[in-house]
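Heads up: the structure comes next, in structure tokens.
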Amino acid sequence: MHYVYIIESVHAPAEKYVGCTHDLKRRLHDHNTGKSPHTAKNRPWNLVCYHAFPDERRALAFEKYLKTGSGHEFRRRHFGV
């Protein structure tokens, strides 16, 4: 399975990050230990939600969509983030 996930900074809740992985637990651990340069300065992070996809192509397409302007609105309406 491939996962698209949204995390939120504990100390700066306005900071969100959308990512894609095949190992969600390891990826969240990487974000919280500073191994990801894009999220290191706002750690620790909480997992807000994730969505599982049977193949990587669909997961990457959904991640890409969530990072667009209309995807931001979709996130706000459907996930509250």
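No lab work stands behind these numbers, since they all come straight from the coordinates. Here the structure is a predicted model, which means the values were calculated and not measured. Note that we place each Cβ from the backbone using ideal geometry, even for glycine, and neighbour counts take in every protein chain shown.
Annotations
- Number of the condition not met by TYR5 [criteria: (1) surrounded by fewer than 17 Cβ atoms within 10 Å (Cβ to Cβ); (2) under 21 Å from ARG76 (Cβ atoms)]: (1)
Residue by residue, here is whether (1) under 11 Å from the mean Cα position of the chain (by Cα); (2) part of a strand (DSSP E or B); (3) β-branched (Val, Ile, Thr) holds:
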{"position": "HIS11", "(1), (2), (3)": "no, no, no"}
{"position": "VAL18", "(1), (2), (3)": "yes, yes, yes"}
{"position": "HIS29", "(1), (2), (3)": "no, no, no"}
{"position": "LEU47", "(1), (2), (3)": "yes, yes, no"}
{"position": "ARG58", "(1), (2), (3)": "no, no, no"}
{"position": "GLU63", "(1), (2), (3)": "yes, no, no"}
{"position": "HIS78", "(1), (2), (3)": "no, no, no"}
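- Residue in the range 53-64 that is within 14 Å of VAL81 (Cβ to Cβ), surrounded by 16 or more Cβ atoms within 10 Å (Cβ to Cβ) and in contact with a strand residue (DSSP E or B) (Cβ under 7 Å, 6 or more places away or on another chain) present: no
- Cβ-Cβ under 7 Å pairs, at least 6 apart or on other chains, the range 28-44 side surrounded by 12 or more Cβ atoms within 10 Å (Cβ to Cβ), far side among the hydroxyl-bearing types (Ser, Thr, Tyr): ASP30/SER36; HIS31/THR39; THR39/TYR17; ASN42/SER9
- Looking at ASN46, ASN32, ASN42, just one residue is polar (S, T, N, Q) and over 21 Å from HIS2 (Cα atoms), and that residue is ASN42.
- Being touching a Leu at 6+ places or on another chain (Cβ under 7 Å), assigned to a strand (DSSP E or B) and on the phi < 0 side of the Ramachandran plot is a property that TYR5 has.
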